Every structure is written in C-alpha cells, then in structure tokens.
Amino acid sequence: MKNTDYPIDFVIYWIDGNDPEWLAEKAKYSPTEAISDDRDLRYRDWENLQYIFRGIEKFAPWVNNIHLVTWGHLPKWLNINAPKLKIVLNDDFIPSEYSPTFSSHPKELNMHRIPGLSEHFVYFNDDMFILKKTKPDDFFKDGKPCDCAILTAHSHNEAEPYMFMQYRATGMVNKYFNMRDVIKNNRRNWFNLKYGKMNFRSWVLSGLPRFPGFWQQHLPYSLLKSTLEELWEKEYDNLHQTCLNRFRSMSDFNIWVFRNWQLAAGNFYPRSIKTGKSFVLNNDASFSQIAEYIFNQTGKMICINDADLSWDEFQKYKADLINVFDEILPDKSEYEL
C-alpha cells in the first residue's frame with residue numbers, strides 16, 4: 001500500500017489550565033485515590049501551541065486533517081476556519097459515562113471514536129513539535145505505522161509511581177504474545193541498523209521468557225484506528241476501568257498499550273531512532289540542550305516534557321522556549337488569525 005493511497009490525520013490534545021470555567025468544573029471533583037495525579041504540571045499552558053501548527057504547516061503540509069481536541073476552550077489566536085482544522089470537544093467522542101474527565105488517558109483510549117478520523121493517524125501531545133521537513137513515510141510506510149521496536153527493562157522507582165503504567169501496558173501484550181516467537185518471526189524489524197547501539201539492549205533482553213518492557217521514545221505516535229478498536233474488543237473491562245478514572249491513576253492504561261500492541265503484532269515499519277528526541281525540561285542544562293536541538297533542527301521531531309518546576313522557573317523557561325521556537329518558525333500559519 002503506497003502512502004498516496006490513504007490519508008493521514010494528526011490528533012493534538014490541548015488544555016488551558018488557566019480557564020476559570022474549566023477550573024470550576026475540575027473543583028467539583030476530587031481524586032478518588034491517594035495515588036491519583038492532580039499536579040498542576042498536568043494542566044499548565046506553555047503558550048507555544050502555535051508552534052506545533054507552524055511546524056505542521058511548514059514541515060508536514062501533506063497532512064489530511066488536524067483534529068484539535070479540547071475541553072471547550074480555544075486559543076485566542078486560533079483561526080477556526082482553517083481548511084484542515086477540525087475542532088473536537090471531549091463530549092464529541094468520549095462516551096458520556098466517562099465524562100467529565102481531567103485525565104488524558106480516557107481521551108487517548110477513545111481516539112478511534114473521533115468523528116471522521118482516518119484509519120492512519122498521528123497522535124501529538126501538546127509538547128511535541130515538528131522541527132524540519134517530513135514526509136508521510138516518516139510516520140507510515142506501506143500502510144504500517146513507523147516505529148522503533150526496542151526492548152527495555154523497567155525498574156520501579158518510588159519517586160515515579162506512574163511508571164507502573166508501563167508495567168500494565170507490557171503485561172497486556174504478554175497476555176497475548178510470546179516474545180521469542182514474535183522476535184523470531186520478525187527479526188529484521190527487531191534488530192535493525194536504524195536502531196544503532198540500541199540493538200544491543202534488545203539482544204541482551206531477548207533471552208528472557210517474556211517481554212520485559214518496550215523502550216518509549218515519546219514522540220508523536222503513529223497509530224491505526226483499527227488497533228484501538230481491536231484492543232477494545234479484547235480488553236473492554238480494563239480499558240473501561242481506566243476511563244472511569246477522572247484523574248490519572250497509577251492503575252491506568254494509556255497510549256502505550258496501543259503502541260506496544262502494534263510492535264508485538266509486527267504491524268509496524270522500522271524507523272531510525274534519530275528521527276527525533278524526547279527531553280525533560282528541569283534545569284538550565286536541559287534547557288540548553290533543548291534550545292540547541294531546536295535551533296539546529298537536529299531531528300525532525302522533539303518532545304519537551306514538563307517537570308516539577310517552580311512557578312518562576314516555569315515562567316522563565318516558557319518565555320525562553322517561545323524565543324527559541326520563533327527563531328525557526330517566525331511566520332504565522334494559516335491556523336492563526
């Protein structure tokens with residue numbers, strides 16, 4: 001299947017954590033578990049969404065439609081009449097029994113219900129950006145999602161209880177797939193020159209009796225709508241329970257379960273690990289690395305993970321990031337007024 005044979009949509013989730021109406025709605029509910037994640041960093045707005053759209057217009061003009069998923073608020077600068085833009089409210093696709101939700105996980109698990117979404121789509125968090133020219137086969141090739149199949153070993157850290165979600169996503173795959181058979185039957189995709197030295201990691205771990213974990217590059221996710229539909233058919237109870245959690249919970253399933261499933265099923269095409277990079281912005285040193293990566297357009301994509309920054313640090317790095325993005329994407333896109 002050639003990439004010209006099918007459309008590729010983008011899905012972007014965005015939330016304005018400063019919206020007083022949204023804050024009032026959120027205040028009506030309280031996390032039901034001590035391990036629920038209600039930290040401000042889950043909701044604060046870095047005010048750089050426009051650079052996601054500028055990057056898409058300049059470096060991925062081939063995209064079919066962009067579905068911007070929102071609680072109901074929209075950036076003041078957004079041109080809602082842009083031809084490829086589709087505004088999607090949570091209630092447009094999330095079943096009413098899961099609403100309202102203040103977690104990204106029910107949204108991720110129900111993306112296949114977005115009206116008009118194409119079978120081939122790419123999911124962006126609002127901290128993921130395109131930095132230079134891309135082609136459709138950076139995301140899908142021969143109809144298959146492009147990705148990196150690399151094993152890893154998860155190690156629990158009490159300071160990061162939400163890493164347990166990786167265990168859950170891996171466990172579901174182990175329920176249905178035998179790792180040794182998967183790798184044996186698809187060896188070229190699991191040991192590929194595009195993965196570089198990361199092949200050694202997979203080689204060391206491939207002797208284990210089951211999948212120990214999947215390395216998460218944390219970049220825009222290439223997904224098939226049919227993958228989500230298949231998992232809902234097989235694992236309704238588990239996905240349903242996650243969607244009932246209004247706030248993030250340690251017991252949740254998230255987007256990784258779909259990505260991992262595609263890898264284990266062999267339904268992917270190998271992609272270079274140099275396609276992009278994920279960073280955690282938590283100090284001056286990390287900001288310098290991020291700024292250099294953006295300014296030099298080192299990879300095609302970047303993810304900038306929020307960290308537990310103080311309010312003053314957040315304000316400083318927010319302004320600094322905007323200045324860096326403006327160096328490579330200074331012109332407004334058709335998605336801006």
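Some points to look at:
- Over the chain: helical MRE at 222 nm, DSSP H runs n ≥ 4 each giving -39500 (n - 2.57), nearest 500: -10000 deg cm²/dmol
- Semi-axis lengths, Å, the stretch 205-279, gyration tensor of Cα atoms, sqrt of 5 times eigenvalues: 23, 16, 15
- Dipole of the chain [Lys/Arg +1, Asp/Glu -1 at C-beta], most positive-end residue of Met165, Trp261, Trp190: Trp190
- Carbon + sulfur, % of accessible area of the stretch 112-219 - ligands and nucleic acids excluded, 1.4 Å: 52 percent
- Nonlocal amide H pairs with Leu151, under 5 Å, H built at 1.01 Å: Ser202, Trp215
- Rounded to the nearest 20 debye, dipole of the stretch 257-337 from Cβ charges on Lys, Arg, Asp, Glu: 620 debye
- Label-to-label distance, Asn185 versus Tyr6, with points set 7 angstrom from Cα along the beta-carbon direction: 2.0 nm.
- Which label in [x] 129; [y] 164; [z] 141 gives the computed volume of the Cα convex hull per residue in Å³: [z]
- Protein heavy-atom accessible surface, 1.4 Å probe, per residue over the chain: 46 Å².
- Exposure rank, largest accessible area first [Arg113, Arg188; 1.4 Å]: Arg188, Arg113
- Helices meeting the span-like rule in the chain (full DSSP H runs, Cα extent of at least 20 Å along the helix axis, mean Kyte-Doolittle score of -1.0 or higher): 311-328.
- Full-stretch length increase - Tyr29, Asn81 - with 0.36 nm per residue and alpha-carbon distance subtracted: 15.3 nm
- 5 angstrom amide H check on Glu336, placed H, neighbours 5+ away: Asn79
- The relative contact order of the chain, computed from alpha carbon pairs under 8 Å that lie at least 6 residues apart in sequence, is 26 percent.
- Fraction of accessible area attributable to carbon and sulfur, the stretch 245-337 (%, probe 1.4 Å): 49 percent
The values are calculated or read from the model by the stated rules, or taken from the named source; none is laboratory data. A quick note: this is a predicted structure, and the numbers were derived from the prediction, not measured. Heads up, the Cβs are rebuilt from the backbone with ideal geometry, glycines too, and the neighbour counts pull from every protein chain shown. The accessibility values were calculated without ligands, DNA or RNA, using every heavy atom of the protein model including side chains. Shrake-Rupley method; radii C 1.70, N 1.55, O 1.52, S 1.80 Å.
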